[in-house]
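Below is one structure, written out as structure tokens, with a few remarks after it.
Read the figures in this text as sums done on the coordinates, not as results from a lab. Here the structure is a predicted model, which means the values were calculated and not measured. Reconstructed Cβ throughout: ideal geometry from the backbone, glycine too, with neighbour counts over all protein chains shown.
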There are 6 protein chains.
Amino acid sequence: MIEFRLGLINPNTNSEQTEAMRGVAEQVLDEKSEVVAATAARGPRSIETAADHVIAEPETLALVRSMTYVDAYLIACFSDPALDAAREVTEAPVVGIGEAAYIAAARMAKRFAVLTTLPRSVPELEDALDRQGLTRRCVGVIPMGVPVEEQGIENELAYAAILERGRAAIAERGAEALVLACGGMADSARSASRDLGVPVCDGVAFGALLAYALVRSGLRTSKVGAYAWPDSAPGVASDRGH
Amino acid sequence: MIEFRLGLINPNTNSEQTEAMRGVAEQVLDEKSEVVAATAARGPRSIETAADHVIAEPETLALVRSMTYVDAYLIACFSDPALDAAREVTEAPVVGIGEAAYIAAARMAKRFAVLTTLPRSVPELEDALDRQGLTRRCVGVIPMGVPVEEQGIENELAYAAILERGRAAIAERGAEALVLACGGMADSARSASRDLGVPVCDGVAFGALLAYALVRSGLRTSKVGAYAWPDSAPGVASDRGH
Amino acid sequence: MIEFRLGLINPNTNSEQTEAMRGVAEQVLDEKSEVVAATAARGPRSIETAADHVIAEPETLALVRSMTYVDAYLIACFSDPALDAAREVTEAPVVGIGEAAYIAAARMAKRFAVLTTLPRSVPELEDALDRQGLTRRCVGVIPMGVPVEEQGIENELAYAAILERGRAAIAERGAEALVLACGGMADSARSASRDLGVPVCDGVAFGALLAYALVRSGLRTSKVGAYAWPDSAPGVASDRGH
Amino acid sequence: MIEFRLGLINPNTNSEQTEAMRGVAEQVLDEKSEVVAATAARGPRSIETAADHVIAEPETLALVRSMTYVDAYLIACFSDPALDAAREVTEAPVVGIGEAAYIAAARMAKRFAVLTTLPRSVPELEDALDRQGLTRRCVGVIPMGVPVEEQGIENELAYAAILERGRAAIAERGAEALVLACGGMADSARSASRDLGVPVCDGVAFGALLAYALVRSGLRTSKVGAYAWPDSAPGVASDRGH
Amino acid sequence: MIEFRLGLINPNTNSEQTEAMRGVAEQVLDEKSEVVAATAARGPRSIETAADHVIAEPETLALVRSMTYVDAYLIACFSDPALDAAREVTEAPVVGIGEAAYIAAARMAKRFAVLTTLPRSVPELEDALDRQGLTRRCVGVIPMGVPVEEQGIENELAYAAILERGRAAIAERGAEALVLACGGMADSARSASRDLGVPVCDGVAFGALLAYALVRSGLRTSKVGAYAWPDSAPGVASDRGH
Amino acid sequence: MIEFRLGLINPNTNSEQTEAMRGVAEQVLDEKSEVVAATAARGPRSIETAADHVIAEPETLALVRSMTYVDAYLIACFSDPALDAAREVTEAPVVGIGEAAYIAAARMAKRFAVLTTLPRSVPELEDALDRQGLTRRCVGVIPMGVPVEEQGIENELAYAAILERGRAAIAERGAEALVLACGGMADSARSASRDLGVPVCDGVAFGALLAYALVRSGLRTSKVGAYAWPDSAPGVASDRGH
């Protein structure tokens, strides 16, 4: 019997990535759990710019709204698109893989480095760390120069880049753990951890378990204040035109 | 002859508010300036929740993209939706009325208070102040309990609320200036300033002039790093599916 | 068959509280989990001062060292005594109930209040929030004036204080969730959440599940840098004299 | 007919620099604007130390006080001497070129670098960025080793230093824009921007326009609180002995 | 024989206050110490505004420069005028009474309140606390509404205000110690401490001793970087025109 | 006649280091002062890990409690073990050598570097700087790779490492002063300062004098709030079982 249903939402349109992330989540959840996965119907195939992010957000929110029979949601893109908005439209716990990866890393190490794909993403990742109060814990956000599409453990070049930049971050910056800032790298985390000798955190595996932990502890998203139902605000016509 | 064309973009669907804001902007710009205004075609009629914000962002971005013949853009919603994304898709300066109002207030006073509509907006406004490094300058974000739709200077109740909460912020919290956190209040700023005896900053009037100032000083949005053209990122398929 | 063994360590000497916390943890973990609980052999019966904290820390660390057959540790005192030290002496994940409660609250709400027992604890709790980067998320640390010993759901006075201070925090400070800053209040959290209509987070229930989540995701405490084995530091004679 | 009169105040005694800065300001303001420029009568010829700054401040304040017929003031030294004091003695908006340059840069790019003259100035510039809440936006304050007196676009060595350090900041630190931290470099900004391919912000051109924007939006410096008239403080004998 | 000569510099022109502060300093230093006091020759009689501060700074700096035969300097105005500049022109340690009072308070208590004279001073005092990294330690900067001139222990009204506001800060804000933000209150500190039952810190007594401590430990102001001799900067003509 | 008795407490068990530190303190205090030194009876011989720190804390606290006849305490380990706890159990001022060294350095220079022994200590030292609000003042925490046991001025290798890392910090990072983050280096400070040409701050010499300054200014640790006597907390059974 299924006791925990996780809604895993991929904000981009790459359904192979959705399947890979579903696999990662299923592997760590127990046999009484089920992962219901959904892929954005339209929008960017990978989310690498602020414009991509903005376009992916309403798709993500719409998927959360449509998936009403799950116990918790995992927004499976490292920039945590539509996270606050999703928390408004449901009482079920909502977790983003970005925040999840940082929560894990900050338990495993006092200092971590973040590996990302493109240099242009560095400022936004630094800003996200600051919003989560973790600036001091991070010794650097390091771009690898590998586009999202070429990631994944089966891509040797991308995996070699993780190892090379990871080793440098440990030796030169004092990184004690690594965070992989991309859902597409989730399947590389365990191997990289073994090869580098430090914890390598992805947000998919731990995010699925964090959602489970919140549900099992009986918590529901607050409906008082910032996350109150959108309809509860007087004069709001929300997304009727959408 | 027109020397400065401002693209004023209203992220919500309330075209009367668009016209009111256009009027405020035209009043402060000189006769060689023109304001081209656009209203979101769909989405929320007022933006009061994170869900509203998320839905309004791609509409805002699409309007920026479609309005290619202007010298600068003013995103005329206090939560500055799609501001970073807009800066990616153009070299013309882009200003948000939220950031503009804070820039003005921080020049006129050492400490200011922010008046907003609903209590649920307080945390997000506090977060925005923090992102702009202005937390210390603000003595409080104060909700007035008046929904966006009922704002505007002709609405006596809404205006009375500005005066009452404004007076309290000055007397009890040490506010030296006020920021009106809503495009719909823009037309009340001058009257309120006169009635309260302190600067009352709205982002529409000053935002239009700030955009003018950036253009006249010859600055263009950087195309290196975070605001590089979205197409310049390898492997990005941006919003082709949209 | 037991798949997850949690070492729950009570840093104070109150074994009844240990049992109550064990009960809370067992209730949220599944039937394949086991909670092994231990109580400090000596030291303060409740930890309410910095002096108490200092005395409880080596006891806590000694219990972690002696309990070698568990998958993860939960340090079950809200001030998270010996947390960094514990992470040095084991590769198993170590979680503190203080950090756990804040992690849960920050997912359920944008703003929370913290209820504590004595006024003297307020500065240290504020400092702990700052260390975790959560100062902005907290609308206030509120003392209830109820000593630790008199807490617990069966104590009507203590429970009434939670409800009264909780209601005031919601109405007057904009709290959207509450954190109970004491292991002894753990059993009151669910009732209080029902009675107050907002999430009430204790660190015992969620902390046990957070430890489970870290273990299931395959993570181990880093042995590079700050959490390296104490013996790995050249010239260190650690606690040989102890 | 003149509609906007800007009081440009050079806190140092170098009147050639005053003229150069007046030229930069006049170039960006329209034909209905007039720039009234004044040079400190005594004090340092360039402001490079805290001692210089302290000596230049009362001269700056005295010039603001004596120039009563202008609509706004621009304090044209990057360390913004006497900015708060000037705001006390007038209701007209007062802008410093330091703050102006940062405001411009933070709109054009997410991350910028600051180029300054001497290594000893780096800590004070870092502190000023922190006071303005912009520490996170700046990837480095970089000294060029060129004394103030040798700056200006006609000085080939100084200009070459801007290009060299600028290129390094873009390539190695992720700078997306540059700020020239010296009034004497103002005339190099446009050329450098063209040569480097990123926005190069000086505070003179944009500062003049920012002052114009504040005046046109109808704002006046608050006379409540920190910027109240000095005479309004009971028991103050201000500068009677001066 | 005199082993320690302290140069106590009063940045305002009130020589009675100079004598009172000299008395406080002499009382805490031992018999081998001597206090050489100097009063600003011109400028404000009390420093209550930014304009006052700016005018007092070069006078303060000139006094430091002229007093070459002392072992250390104490700048005896709570806003620490010309502190950085003074450190440039001497190798002897320089201490400000503002920073001194905070250093003392932060050792005696985890949380303190600051009592000041006028409401307009609150923002600048908050900013100074922030520059010193002590924002979190302060529970409030509280104006007493008593002008500087009427302070001193013999003034019953002013002393009564200290006690009243002090008691409220302890009871309502959790203040554990008080800081008196004015040199003119220095002689009230001991009495107030006795009457209120918490440490009351003034910067004159402790500042004199802090200067002694720095001298006795053999430290000299760094002449590398920000505090290097002004003449060491190439192209600097410092205050030759003054 | 002795007018000032300092209780110098060495939290580690190395009594030779105690004697060396006593010598440093006696050298800077005058002839009316006496240094009473005590060494931890058990625990680590040097404190290099969080586990060491935790074990040393109750020993430190016990020494403070047992040494009742002194005027002030100096906790002579750079990680300031049991500092808050010690302040609870006495009204006499308590100073840690870590905080003392930073207070001295921040008066002598605007930017300093910290030299420590082992790389693993870097994160905790960075955290301590942050707790004291000094993050911005520090240009880097630099490990020297020399174990505590091999420090001291007579150890040529250790001293050469101070000079080498110190020179690099000055030249490459803009350090204007150095802090030696270890009691065992105290005797090297003066020589290193002479050899490097910048202030080199140790916490033992200045810490002894800071304690003297606090005592002479008549201050006593607050017994209201966080540092109230442990017994004053209702329901506290402190360390009776210890």
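A few notes on this one:
- 7 Å along Cα→Cβ, label-point gaps from E:LYS32 to other copies, nm, shortest first: 1.0, 7.5, 7.5, 7.5, 7.7
- Remark: spin-label model distance C:GLU31-B:ALA160 equals 6.5 nm, labels positioned 7 Å along the Cα→Cβ axis.
- Note on F:110-120: average number of Cβ atoms from other chains within 10 Å of each residue's Cβ is 5.
- Near B:VAL198: Cβ cut-off under 11 Å, other residues only, Lys/Arg at +1 and Asp/Glu at -1. The net charge is +3.
- Total formal charge among the other residues, if their Cβ is under 9 angstrom from that of B:CYS138, Lys/Arg +1 and Asp/Glu -1: +2
- Charge dipole of the protein assembly as shown (Cα centre as origin; +1 on each Lys and Arg Cβ, -1 on each Asp and Glu Cβ, all else neutral): 0 debye, rounded to the nearest 20.
- Relative contact order %, chain D, counting alpha carbon pairs below 8 Å whose residues are six or more apart: 22 percent
- Annotation for segment F:1-77 versus segment D:112-138: alpha-carbon center distance of 41 Å.
- If only the Cβ of Lys and Arg carry +1 and only the Cβ of Asp and Glu carry -1, the dipole of segment C:99-202 around its Cα centre is close to 560 debye.
- With a threshold of 18 Å on the Cα-Cα distance, the over-threshold entries among E:LYS32/E:LYS223; E:LYS110/F:LYS110; F:LYS32/F:LYS223; B:LYS110/D:LYS223; A:LYS32/C:LYS32; C:LYS110/D:LYS110 are E:LYS32/E:LYS223; E:LYS110/F:LYS110; F:LYS32/F:LYS223; C:LYS110/D:LYS110.
- Its Cα gyration tensor gives segment D:100-202 an equivalent ellipsoid. The semi-axes, each the square root of 5 times an eigenvalue, are 19, 15, 12 Å from largest down.
- Distances, shortest first, from the label point of E:ASP231 to those at the same position in the other copies read 4.4, 6.3, 6.3, 6.3, 8.0 nm; the point lies 7 Å along Cα to C-beta.
- Sequence-separation-based contact order of segment B:99-202, relative, with Cα cut under 8 Å and 6+ spacing, percent: 35 percent
- When C:SER66 is represented by a point 7 angstrom out along its Cα-to-C-beta vector, the spacings to that point in the other copies are 2.4, 5.8, 7.3, 7.3, 8.2 nm, nearest first.
- Kirkwood hydrodynamic radius of the protein assembly as shown, from the reciprocal of the average inverse Cα-Cα distance over all distinct pairs: 32.8 Å.
- Computed over the protein assembly as shown, the per-residue total of -39500 (n - 2.57) for DSSP H runs of n ≥ 4 gives a 222 nm mean residue ellipticity of -13000 deg cm²/dmol, rounded to 500.
- Here the Kirkwood formula puts the hydrodynamic radius of segment B:1-146 at 15.9 Å, using every distinct Cα pair.
- Shielding by partners - mean other protein chain Cβ count within 10 Å, residues of E:130-140: 4
- Average beta carbon contacts from partner chains per residue of F:55-65, 10 Å cutoff: 4
- Per the axis that maps chain C onto chain A, nearest residue of C (Cβ criterion) and its distance in Å: C:GLY133, 1
- Per-peptide average of other Cβ atoms within 10 Å, ordering B:206-215, D:26-35 highest first: B:206-215, D:26-35
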